[in-house]
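To start, the structure under review is shown below, and the notes come after it.
The values are calculated or read from the model by the stated rules, or taken from the named source; none is laboratory data. None of these values were measured; they are calculated from a predicted model. Please note: Cβ atoms are built from the backbone with ideal geometry, for glycine as well, and neighbour counts cover all protein chains shown.
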Amino acid sequence: MATVLNWIVLLLVMVTATGLLLSRDWRWSLGLLAVQYIGIFWMIQTRWPASMAATKLVCGWMACAILGIAQLNTIRTESSEDSWLQGRLFQVFAAGMVLAVTFALSLRLDTWLGMSLPVAWGSLLVIGLGLLHLGITAEPFQVILGLLTVMAGFEVIYAAVESSILVAALLVAVNLGLAMAGAYFLTNTREEKA
């Protein structure tokens, strides 16, 4: 039963990470990030106790709340939307490439770290799509979402290596620090435009 749930969570993380890449509405992006943290919680709890893994879930939701509050206080500007063929089609193609490459890498990672294939593939997929997200955007909000996505994938891999409570607390501090830095940059650009 746990194996089936791991594959379902892999599909959930795949959809949310790809949705974060394609979405430009901040509400949808934060919703997808919050759902992605549910998948990250499940993947981490395969290696850590549920109480320690729950810290990642709560931290992720707190980061979403911080970014949401900061985004509510920003002035909306008209962003230039790319056409479907220019922007979204390339992003879908690049996400497919990341999907293929991470699957090939996850076949090795599950034997090196003793992780199950869906968890290894999910973590590498989240890292890869987060890096792709970072590579194609320059907006502060989207950059912070990409950084949080990369960190979430890294935390899944790191959970297989280390189970220290102090390290978990430091990673929570890094995630919340990223969210606060993102909120600062969002509000700072609002003040500059005003």
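For the stretch 182-191, check the following and say yes or no: at least one residue is over 17 Å from ALA53 (Cβ atoms), touching a residue at least 60 places away in the same chain (Cβ under 8 Å), of a type in the set (A, V, I, L, M) and in contact with a Phe, Trp or Tyr (Cβ under 7 Å, 6 or more places away or on another chain). Yes, the stretch 182-191 contains at least one residue that is over 17 Å from ALA53 (Cβ atoms), touching a residue at least 60 places away in the same chain (Cβ under 8 Å), of a type in the set (A, V, I, L, M) and in contact with a Phe, Trp or Tyr (Cβ under 7 Å, 6 or more places away or on another chain).
Being part of a helix (DSSP H, G or I), in contact with a Ser or Thr (Cβ under 8 Å, 6 or more places away or on another chain) and either surrounded by 20 or more Cβ atoms within 10 Å (Cβ to Cβ) or among the basic types (Lys, Arg) (or both) is a property that LEU129 has. Inspect all residues belonging to the stretch 118-132 and state whether any of them is in contact with an Asp or Glu (Cβ under 7 Å, 6 or more places away or on another chain), without any contact (Cβ under 8 Å) to a residue 40 or more places away in the chain and not charged (D, E, K, R). Yes, because at least one residue in the stretch 118-132 is in contact with an Asp or Glu (Cβ under 7 Å, 6 or more places away or on another chain), without any contact (Cβ under 8 Å) to a residue 40 or more places away in the chain and not charged (D, E, K, R). Could you list, in sequence order, all residues of the stretch 12-65 that are in contact with a helix residue (DSSP H, G or I) (Cβ under 8 Å, 6 or more places away or on another chain) and either at positive phi or of a type in the set (S, T, N, Q) (or both)? The answer is THR16, THR18, SER23, SER29, GLN36, GLN45, THR46, THR55. Residues in the stretch 180-187 include at least one that is part of a helix (DSSP H, G or I), among the hydrophobic types (A, V, I, L, M, F, W, C), crowded, with 20+ Cβ neighbours inside 10 Å and in contact with a Ser or Thr (Cβ under 6 Å, 6 or more places away or on another chain).
Check the stretch 50-57 and report whether any residue there is more than 17 Å from LEU131 (Cα to Cα), at pLDDT below 95, in a helix (DSSP H, G or I) and in contact with a Gly (Cβ under 7 Å, 6 or more places away or on another chain). No, the stretch 50-57 contains no residue that is more than 17 Å from LEU131 (Cα to Cα), at pLDDT below 95, in a helix (DSSP H, G or I) and in contact with a Gly (Cβ under 7 Å, 6 or more places away or on another chain). Looking across the stretch 154-173, the residues that are β-branched (Val, Ile, Thr) and either surrounded by 15 or more Cβ atoms within 10 Å (Cβ to Cβ) or in contact with a strand residue (DSSP E or B) (Cβ under 6 Å, 6 or more places away or on another chain) (or both) come down to VAL156, ILE157, VAL172.
Each row is one residue, and each column tells you yes or no for (1) among the polar types (S, T, N, Q); (2) closer than 19 Å to ILE38 by Cβ.
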residue: VAL101; (1), (2): no, no
residue: LEU105; (1), (2): no, no
residue: ARG108; (1), (2): no, no
residue: LEU113; (1), (2): no, no
residue: SER116; (1), (2): yes, yes
residue: VAL119; (1), (2): no, yes
residue: GLY130; (1), (2): no, yes
residue: GLY153; (1), (2): no, yes
